[in-house]
1. Just one of (1) open to solvent by 10 Å² or more (accessible area, probe 1.4 Å); (2) farther than 23 Å from Asp135 by Cα; (3) at pLDDT 95 or above trips up Leu361, so point out which.
2. Identify all residues within the stretch 40-51 that are surrounded by fewer than 23 Cβ atoms within 10 Å (Cβ to Cβ) and in contact (Cβ under 8 Å) with a residue 60 or more places away in the chain; write none if there are none.
3. Which pairs have Cβ atoms under 6 Å, sit 6 or more apart or on different chains, and link a residue in the stretch 58-79 that is assigned by the TED database to the domain that holds Ser106 and crowded, with 24+ Cβ neighbours inside 10 Å to one that is among the hydroxyl-bearing types (Ser, Thr, Tyr) and assigned to a strand (DSSP E or B)?
4. Being outside any helix (DSSP H, G or I), among the basic types (Lys, Arg) and either modelled with pLDDT of 95 or more or assigned by the TED database to the domain that holds Lys374 (or both) narrows it down to one of Lys256, Lys221, Lys269, Lys248, so name that one.
5. Going through Ala100, Ala110 one at a time, which residue ends up being modelled with pLDDT under 95 and not basic (Lys, Arg)?
6. Just one of Thr290, Thr277, Thr245 is of a type in the set (Ser, Thr, Tyr) and more than 24 Å from Val167 (Cβ to Cβ); which is it?
7. Can you name every residue in the stretch 193-211 that is touching a strand residue (DSSP E or B) at 6+ places or on another chain (Cβ under 8 Å) and either free of Cβ contacts under 8 Å to residues at least 60 places away in the same chain or of a type in the set (D, E, K, R) (or both)?
8. Condition check: buried (at least 21 other Cβ atoms within 10 Å of the Cβ), of a type in the set (S, T, N, Q) and in a strand (DSSP E or B). Does Thr85 satisfy that?
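The values are calculated or read from the model by the stated rules, or taken from the named source; none is laboratory data. Keep in mind the model is a prediction, meaning the values are calculated, not measured. Cβ: placed from backbone, ideal geometry, glycine included. Neighbour counts: every protein chain shown. To get the accessible areas, we keep the full protein, side chains included, count just its heavy atoms, and leave off ligands, DNA and RNA. Shrake-Rupley method; radii C 1.70, N 1.55, O 1.52, S 1.80 Å.
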Amino acid sequence: MRAHRSSVVAALAAVTAVTAVAGCAAKNDGKEGGGKGAIEVTATDSSCELSAKEFPAGHVRFAVQNKGSKVTEVYVYAAGDRIVTERENIGPGTKAEITAEIKAGSYEVACKPGMKGDGIRQKVTASGKGAAKRDPKLDAAVAAYRSYVQEQADQTLPEAQKFADAVKDGDVEAAKKAYALSRVGWERTEPVAESFGDIDPKVDVRADGVEKGQEWTGWHKLEKSLWEEKKISGDDKKLADRLITDLKDWQKRVGKAEITPTSMANGAKELLDEVATGKVTGEEERYSHTDLVDFQGNVEGAQKAYELLKPVVGKNDPALAKELDKQFKAIRTLLDDHRDSKSADGFASYDTVGKGERKKLSDGVNALAEPLSKLAAAVATTK
């Protein structure tokens with residue numbers, strides 16, 4: 001979920017190794033970022049400077065350097081704040097590289113020091129015909145992924161309706177059982193939903209992510225009522241109906257989302273960022289402690305995107321494909337250690353997972369995030 005994450009950033013200090021996900025950038029010693037043809041983005045706590053504001057459409061590389069004192073993130077927005085690509089968790093003094101397929105048109109690049117707010121923005125323009133004709137295997141991957149995200153939305157609605165019905169019936173225990181399972185499809189495809197800009201704040205924002213003047217709605221508001229307040233109010237029942245309305249909007253729009261091979265690859269990395277900043281720290285599901293269900297959904301969604309791109313990645317960068325296969329298997333094994341057949345959602349409550357086990361999960365996320373950050377570049381490579 002996209003939210004104000006100042007509390008999460010503070011929490012990262014309490015979970016060793018999570019900050020390494022600030023991009024594999026934290027470990028690249030300058031080897032990633034920069035280079036011929038890249039647009040350099042220099043972010044500070046008060047500025048966002050670009051080496052070029054006009055560039056050819058097609059596969060565009062942004063070499064980001066954070067010279068500020070705060071963790072930052074960089075977004076590329078199309079009209080209406082539709083997210084074209086983004087990279088979170090770029091730590092102070094580190095670099096990261098983003099590769100995206102950008103069509104001719106006008107955009108805004110935003111640096112977000114502290115990972116909050118609308119960001120410091122620069123207008124940019126992409127011109128020309130764009131990327132060369134791509135490998136037909138990538139077209140097939142995009143088509144298959146589009147079907148996948150639509151399928152996930154279609155499967156989410158019945159589960160979300162069970163949850164909403166339980167809330168409207170005032171049945172706290174039934175709503176608790178349905179809660180985590182109603183979120184699985186969303187978690188698998190979250191970057192696509194977030195690309196629209198207006199849906200995620202309605203359905204998946206946490207308390208610390210609510211903007212000034214914004215009404216808190218969606219899953220997490222209801223989560224708080226069920227687990228912390230232990231009761232369902234009349235307003236909660238209305239919110240349950242609104243949740244279904246907003247999810248139906250997502251279901252209607254998701255199949256028409258702008259999807260490219262690089263957006264699939266970057267989305268897979270974004271899902272791992274979601275795990276690092278919300279699930280491993282326990283911030284995402286702070287009342288229900290169903291973080292491991294979300295964790296698995298994010299990993300499954302990232303792996304699906306990778307598997308669809310693998311025929312091309314395996315050809316362009318066999319070593320990367322081998323490493324990704326290894327790390328996806330490793331993180332799934334770590335998750336399996338926390339399964340609980342007696343739980344309604346199949347996983348142990350995250351508040352029962354000790355610091356040592358959380359550290360193992362964090363290390364596993366970091367080990368996968370590093371090669372996953374190279375996926376977009378491998379997809380964009382022409383051979």
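1. Here Leu361 clears every test but (1).
2. Thr44, Asp45, Ser46, Ser47, Cys48, Glu49, Leu50
3. Correct list of pairs: Asn66/Thr72.
4. It is Lys256.
5. On the way: Ala110 fails: modelled with pLDDT under 95.
None of the other options fit; the residue is Ala100.
6. Exactly one of Thr290, Thr277, Thr245 is of a type in the set (Ser, Thr, Tyr) and more than 24 Å from Val167 (Cβ to Cβ), namely Thr277.
7. Taking the stretch 193-211 as the starting set, the residues that turn out to be touching a strand residue (DSSP E or B) at 6+ places or on another chain (Cβ under 8 Å) are 194-197.
Glu194 - this is the single residue of the stretch 193-211 that is touching a strand residue (DSSP E or B) at 6+ places or on another chain (Cβ under 8 Å) and either free of Cβ contacts under 8 Å to residues at least 60 places away in the same chain or of a type in the set (D, E, K, R) (or both).
8. On the way: buried (at least 21 other Cβ atoms within 10 Å of the Cβ): yes; of a type in the set (S, T, N, Q): yes; in a strand (DSSP E or B): yes.
Judged against the criteria, Thr85 is a match.
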